1. What tally of residues in the stretch 69-80 results from selecting those that are surrounded by fewer than 24 Cβ atoms within 10 Å (Cβ to Cβ) and either touching a Gly at 6+ places or on another chain (Cβ under 6 Å) or polar (S, T, N, Q) (or both)?
2. Among the residues of the stretch 138-163, which ones are of a type in the set (Val, Ile, Thr) and modelled with pLDDT under 95?
3. Which of the helices (runs of 4 or more DSSP H) contained wholly in the stretch 240-340 include at least 2 residues that are closer than 20 Å to ASN122 by Cβ and modelled with pLDDT under 90?
4. Out of the residues in the stretch 111-140 that are touching a helix residue (DSSP H, G or I) at 6+ places or on another chain (Cβ under 9 Å) and among the charged types (D, E, K, R), state the one that is nearest to LEU83 (Cα to Cα).
5. Quick one: would you say ALA195 is in contact with a Phe, Trp or Tyr (Cβ under 7 Å, 6 or more places away or on another chain), buried (at least 22 other Cβ atoms within 10 Å of the Cβ) and at pLDDT 90 or above?
6. Restricting attention to the stretch 221-232, and to residues there that are open to solvent by less than 70 Å² (accessible area, probe 1.4 Å) and hydrophobic (A, V, I, L, M, F, W, C), which single residue is modelled with the highest pLDDT?
7. What number of residues within the stretch 151-177 satisfy the criterion of being part of a strand (DSSP E or B) and either out of contact with any Ser or Thr (no Cβ under 7 Å at 6 or more places or on another chain) or among the hydrophobic types (A, V, I, L, M, F, W, C) (or both)?
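The values are calculated or read from the model by the stated rules, or taken from the named source; none is laboratory data. Keep in mind it's a predicted model, so treat the numbers as computed, not measured. All Cβ positions, glycine included, derive from the backbone under ideal geometry; neighbour counts span all protein chains shown. To get the accessible areas, we keep the full protein, side chains included, count just its heavy atoms, and leave off ligands, DNA and RNA. Shrake-Rupley method; radii C 1.70, N 1.55, O 1.52, S 1.80 Å.
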Amino acid sequence: MDFTLTDEQQMFAQTAATLFGDTCTPDHWRKMMEQGVAFAADRWAQIVENGFTLLMLPESEGGLGLTELDFALIAQAAGYVALPEPLVESAGIAAPMLAALSPGHALLADPAAIIAIAPAANPVVASADVASAILFERDGRAYLARADTVGLTPASTIDPLRRVFRVAWNPADAEDLGPADWTLATDRAAVFAAAQGIGLAQRAVDLAVAYAKDRQQFGKPIGSYQAVKHHLASAQTAIEFARPVVTAAAASVDQRDVYSRARASHARLVALEAADQAARAAIQVHGAMGYSWEVDVHLFLKRTLALTGSWGTPAFHRARVAHRLFNRPVGPDQTFAREA
């Protein structure tokens, strides 16, 4: 399987990285937290203007018709800056699901519209307060409820830049879209969470490396000490081992079989574990101040923990990997096999 990125993929990824990096800085995060908000309308407008909300929509709906692999690159860039806005949930999961269930739906005509999504596995809904509508799962069906028909109760969360809510809704007030492929939604969520994990992990290591170069101890940078080098090298190694797992999973989501489901879950597990390891290593490299509010690294650990608790527990995803291992052939020739 060829994982070489095309010029178009690299262009989209670089555009996203530049936009997010310019508009989503630590100073801006802190201003948002002081104001008690987790959504910047001006940044969302730029995201929409650059076409990122249209990537996963089919061309028949005015989208670009790109793949999960394309969008995973955007998700990785979003993870690198701990993007507060729900680009991944809305544009990567909810919008393509709505397009498949209800082609030509009025919501799809507005690229700025935010669609929150509430699978049965999630007790809370992320970014429900800024959504135009919410997709709910019940008994394998999908229901679309407009924002003005639901009741929201803020729920506690470890991540101050990712607001979540308990939502009271009535199926009678919602649009019944019929049976839905919630397994595909779970696969996409797993892959995009994994991609964000790669971004989160890399940013944590980059912050720690920069600090280790500047912080002096006993007359030289602490990064020159072997213990610090090994700590960060172990974190970077975990990231590099996770990258191809995430890429392989993103490239095979459309197979929709036991193999692709296992790859999606595997990617989520290893990438978020790498992000957890990298963030904790970065905190330790910063020393005692690494545990303080003033240092930015804690935000990447908090986002990692928030993603780990959504769209299925780690035990759920390990079970999907185990199902593939114990119920299908294994070996090098089966790495990228399709289900017969």
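1. Of the residues in that region, 1 qualify.
2. Matches in the stretch 138-163: THR157, ILE158.
3. By residue number, no helices (runs of 4 or more DSSP H) qualify.
4. ASP129
5. no
6. So the residue we want is LEU232.
7. Final tally of qualifying residues: 12.
Results for (1) β-branched (Val, Ile, Thr); (2) open to solvent by less than 70 Å² (accessible area, probe 1.4 Å), shown as yes or no for each residue.
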residue: ALA174; (1), (2): no, yes
residue: LEU177; (1), (2): no, yes
residue: VAL191; (1), (2): yes, yes
residue: VAL205; (1), (2): yes, yes
residue: TYR211; (1), (2): no, yes
residue: ASP214; (1), (2): no, no
